[in-house]
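Enquirer: Pasting a structure below so you can have a look.
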Amino acid sequence: VDLYRPWRLAYFVVTVIAVVTVVGAVLLFALSLR
Amino acid sequence: MFAVMILQVLLAIVVIALLVLFLPVISGGFALYHAARCIRLYFRVFADVLGVPDPATARPPLPVPRHQHRDGREPAYPHYLFGPAQHDLTSALSRIRAEMRSEFRESSARIWGTWVAGQWEPQTVLIRLLGLIWIYGLVLGTAVGTFVLVVVTLVQVSLAVVLLVVILAITFALRGVDTALLRLRRIRISCPRCYRPISYPAYRCPTCGALHRDIRPGRYGVLRRRCRCDQQWLPTLLLLGSHRLTACCPHPDCEAQLADRSGTATELTLPIFGGSNAGKTRLMSVLVMTLVDSADAGGLSVEFADEMTDRRFRQLVPVITAGEATRRTVTELPRAYSFYLTSGRGTRRLVHLFDTAGERFYDSDRLEELQYLRAARTFLFVLDPLSVDQLWSGLSDSVRTEFEPLRAQRSPAFVFQQVLQNVEAMGMDPKRARLAIAVTKTDLLAAVGVAPAGTDSAAIEEWLDELGLDHLVRAVRHTFGSVRYFQTTAMPAGGDQDSGVPGLLEWMLADSPVPWRAPA
């Protein structure tokens, strides 16, 4: 049993959310400049 | 033939012109394709390392630290954010870098071999040029992908740092709350064997027995930690239930087992001192027996706080009840007899009774090792009147022969001065302490007609004064804040304890939060 599984799942999910948020924010910013 | 060649050249020029015209679009498309592959690769590898969705692909955990304390390591798995997360990230990044490199090489070799390598002839120019553009797109896409990955990595690292800061804040908050509660409840923990104060107990794993010296929230867990045996979760604070584990002294040269549920009640230290053979062990046993017996009559409830105390009293009670002599107390540093006293209102105190061999009080070097005296606010001085020269010389020869084996070896004045000097040298102010003086063996004195006339404190004080202990009586009066004399036998005749013992017990616990009243 992976001792860190809950933390790893949480870290993965949070990372995906953070990356999507950052990339989305950058794209929105770029679009707003146009 | 010539016309065809011209046509081909023209066609090539047109194609090249079109390629040049659409170069940004075509190369951008290729670049986008490769950048997307880089990002996909990144998330695939990252998910693999974290075991998402299949736990079997997860990176194996770090090796558990060995049981080393000099470098501050504990026999527990570190918390995910205190090491494993960083290792997961670096492991994922190194795998991504290696896979991106190998994919770049493979792709570029495939494109070169399929599209670019070979003779440049008019009919193959288009394919060769497309191959070159693809390679250009591959380079551009990899560069874009790398840039995006750097950004994503920065986001990830920042996230890990933020989570770490949050965890650290929770850690310090929990430690602070726990410490504040201990202070608020005035709970101070001390080792019953080495007597040193303990900021926080060490705990043993119930499964493998590994000693966790600092179990509090930190790099091994916030609310709980996993022992290296991988069988046991251990709570990290008294608040969270660590008192249910076996507590030990955290000092590496001691590691003695503390009282059960150590840290849940304020401690009361009651040292008993007196010359060798003065009757300290007997008196201590009778004090505890009186407490235990009175519990049913609505007194304080008594609960032995460790197995050693329980076992020792189970050995002592039959000896005392039978009126037999107790064994001589060993001269090693004494371990406290610890028990919990709980009042009817639920107030609990952990009492440490120290029964030290009389020989330890004769030598200042050995006396200064008794650091538990520093924590005491109430002392019990066991005074054997048979060791007073004036009384002893007044007894007949036959009585002296009979009492000789029962007589304490050194004069009470000497023992008292020794203890007083050392207590003062430890920085304790006796004026802030209370002293109970138990004059023992008064049943023997009564049998030969030399017992004190009265049982009240003043009468005993006067009696001692007349016996030539006037210096001792004066010194006691001037040095201690509160003094009371008692006469005790500590030798239950017919199963009834001497009436002096309940009075002594009542006075000793009078200013504690668990006062005791003799049952009516």
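Enquirer: What ranking, highest mean first, results for peptides B:425-431, B:148-154 when packing means the other Cβ atoms within 10 Å averaged over each residue?
Expert: On the way: B:425-431: 12.1, B:148-154: 15.7.
Result, highest mean first: B:148-154, B:425-431.
Enquirer: Would you mind giving the mean number of other chain beta-carbons within 10 Å of the Cβ of each residue in B:425-438, as a whole number? Mind showing how you got there, number by number?
Expert: Numbers: counts 0, 0, 0, 0, 0, 0, 0, 0, 0, 0, 0, 0, 0, 0.
That works out to 0 on average.
Enquirer: Between 0 and 90 degrees, rounded to the nearest ten: what's the tilt of helix B:2-50 against the longest Cα principal axis of chain B?
Expert: 10
Enquirer: Here is a further query. Using modelled amide H (1.01 Å from N, peptide plane; none on Pro or chain starts), what sits under 5 Å from the amide H of B:His212, excluding residues fewer than 5 places away?
Expert: For B:His212, the qualifying residues are B:Tyr203, B:Arg204, B:Cys205.
Enquirer: If you count, for every residue in B:52-58, the Cβ atoms of partner chains within 10 Å of its Cβ, what is the mean? Before the final figure, lay out the partial values.
Expert: Working: counts 7, 2, 0, 5, 1, 0, 4.
Taking all residues of B:52-58 together, the mean is 3.
Enquirer: Would you mind checking the tilt of helix B:280-295 against the longest principal axis of the Cα atoms of chain B, expressed as 0 to 90 degrees and rounded to 10?
Expert: Computed tilt is about 80 degrees.
Enquirer: Taking square-rooted eigenvalues a ≥ b ≥ c of the alpha carbon gyration tensor, is segment B:83-225 rounded, prolate or oblate, where a/c under 1.5 means rounded and, failing that, a/b exceeding b/c means prolate? Kindly include the intermediate steps, with their values, before the conclusion.
Expert: Details: a/c = 8.86, a/b = 3.89, b/c = 2.28.
Prolate shape, in that a/c is at least 1.5 and a/b is the bigger ratio.
Enquirer: Give me the distance in nm between label points sitting 7 Å out from Cα along the Cα-to-Cβ direction at B:Leu239 and B:Leu23, one decimal.
Expert: Those two pseudo-labels are separated by 6.7 nm.
Enquirer: Moving to a separate point now. Sequence gap at least 6, Cα distance under 8 Å: using those rules, report the relative contact order of chain B to the nearest whole percent. Mind dumping the intermediate values first?
Expert: Details: 806 pairs, mean separation 61.1, N = 520.
Reported as a whole number, the value is 12 percent.
Enquirer: What average number of partner chain Cβ atoms lie no more than 10 Å from the Cβ of the residues making up B:162-168? Walk me through the intermediate numbers first.
Expert: On the way: counts 2, 4, 0, 0, 0, 0, 0.
Mean inter-chain Cβ contacts per residue within 10 Å come to 1.
Enquirer: Shifting gears a bit: For segment B:88-103, in order, what is each residue's ³J(HN,Hα) by Karplus, 6.51 cos²θ - 1.76 cosθ + 1.60 with θ = phi - 60°, in whole Hz (x at glycine and Pro)?
Expert: Couplings: 4, 5, 5, 5, 4, 5, 5, 5, 5, 4, 5, 5, 5, 4, 5, 5 Hz.
Enquirer: Starting with the fewest neighbours, write out B:Asp389, B:Asp384 ranked by other beta-carbon atoms found within 10 Å of each beta-carbon.
Expert: Lowest count first: B:Asp389, B:Asp384.
Enquirer: Can you figure out the FRET efficiency of B:Arg374 with B:Phe172, using R₀ = 30 Å and their beta-carbon distance, to the nearest 0.05?
Expert: Approximately 0.45, to the nearest 0.05.
Enquirer: Here's something else I'd like to know. Once amide H atoms are built 1.01 Å from N in the peptide plane, which residues 5 or more positions from B:Tyr220, or in another chain, come under 5 Å H to H?
Expert: Here the answer is B:His79, since their amide H atoms fall under 5 Å of that of B:Tyr220.
Enquirer: Any chance you could give the angle, 0 to 90 degrees and rounded to 10, that helix B:307-321 forms with the longest Cα principal axis of chain B?
Expert: The angle comes out at about 10 degrees.
Enquirer: So, one more: Highest mean first, how do B:11-19, B:462-470, B:256-264, B:283-291 rank when packing is the count of other Cβ atoms within 10 Å averaged over residues? Spell out each step's value before the answer.
Expert: Values: B:11-19: 13.0, B:462-470: 17.4, B:256-264: 21.2, B:283-291: 23.6.
With the highest mean Cβ count within 10 Å placed first, the list reads B:283-291, B:256-264, B:462-470, B:11-19.
Bear in mind these aren't lab numbers, they're just calculated from the coordinates by the rules spelled out. Model, not experiment: these values are computed from the prediction. FYI the Cβ positions are ideal-geometry reconstructions off the backbone, even for glycines, and counts take in every protein chain you see.
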